[in-house]
Amino acid sequence: MVSFTGSPRAGRRVGELAARTIKRVVLELGGKSANVILPGADLKTAVKVGVANAFLNQGQTCSAWTRMLVALDSYDECAELAASFAEGYLAGPPLDPATRLGPVVSAAQRERVLGYIEAGDSEGAALLTGGGRASSWR
């Protein structure tokens, strides 16, 4: 049996290869993982955990939370908290102890992430912090 978690493109290829040897295949091919913060929640803790989960492994996990859903009356506070916590994730060389955010897996993935930022901008989203290319540390 083969179990694979990743992109639809890679999953298609895994399925093709497994079919050659008649292996059973289980595929988890992504989705949008929402972080739902309900009214009455401890916003500081919920947002801090949400940002940490979104940034886990540079956001390159199938279970990384990709959006935060909050009650409208909590939006401003949650946005301010999220920006503040996100600013604590310093990008840098993986071996530097101050680094909390390392490189993504490839140049193609970097462009994909930057494309999401551009799409959000063109659709009217508010960029609260960051958003550009990380400076090179080489």
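The values are calculated or read from the model by the stated rules, or taken from the named source; none is laboratory data. Values in this document were obtained by computation on a predicted structure and should not be read as measured data. Every residue, glycine among them, receives a Cβ derived from its backbone with ideal geometry; neighbour counts consider all protein chains shown.
This table checks each residue for (1) touching a helix residue (DSSP H, G or I) at 6+ places or on another chain (Cβ under 6 Å); (2) surrounded by 16 or more Cβ atoms within 10 Å (Cβ to Cβ); (3) part of a loop (DSSP other than H, G, I, E, B).
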residue	(1), (2), (3)
LEU27	yes, yes, no
ASN35	yes, yes, no
LYS48	yes, yes, no
ALA54	no, yes, no
GLU80	no, no, no
PRO93	no, no, yes
VAL105	no, no, yes
ALA108	no, no, no
ARG112	no, no, no
Report summary line: Per the filter on the range 11-25, residues among the β-branched types (Val, Ile, Thr) and not in a loop (DSSP other than H, G, I, E, B) are VAL14, VAL25
**Report entry** Residues of the range 69-78 classified as surrounded by 16 or more Cβ atoms within 10 Å (Cβ to Cβ) and out of contact with any strand residue (DSSP E or B) (no Cβ under 6 Å at 6 or more places or on another chain), total
**Finding:** 1
Query raised in the report: From the list GLY88, GLY131, GLY102, GLY120, which residue is on the phi > 0 side of the Ramachandran plot, in the same structural domain as ASN57 (by TED's automatic domain parsing) and not aliphatic (A, V, I, L, M)?
Result: GLY131
Report task. Working only within the range 1-36, note down all residues that are under 26 Å from VAL49 (Cα atoms) and polar (S, T, N, Q). Result -> THR5, SER7, SER33, ASN35
Query raised in the report: Which residue pairs have Cβ atoms under 6 Å apart, sit 6 or more places apart or on different chains, and have a first residue in the range 73-95 that is closer than 15 Å to GLY130 by Cβ and a second that is among the small types (Gly, Ala, Ser) and not in a helix (DSSP H, G or I)?
Result: LEU90/ALA98; ALA91/ALA134
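Conditions tested, residue by residue: (1) more than 30 Å from PHE4 (Cβ to Cβ); (2) outside the structural domain of ALA10 (by TED's automatic domain parsing); (3) of a type outside the set (A, V, I, L, M, F, W, C).
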{"position": "LEU38", "(1), (2), (3)": "yes, yes, no"}
{"position": "LYS44", "(1), (2), (3)": "yes, yes, yes"}
{"position": "GLY59", "(1), (2), (3)": "no, yes, yes"}
{"position": "ALA71", "(1), (2), (3)": "yes, yes, no"}
{"position": "PRO97", "(1), (2), (3)": "yes, yes, yes"}
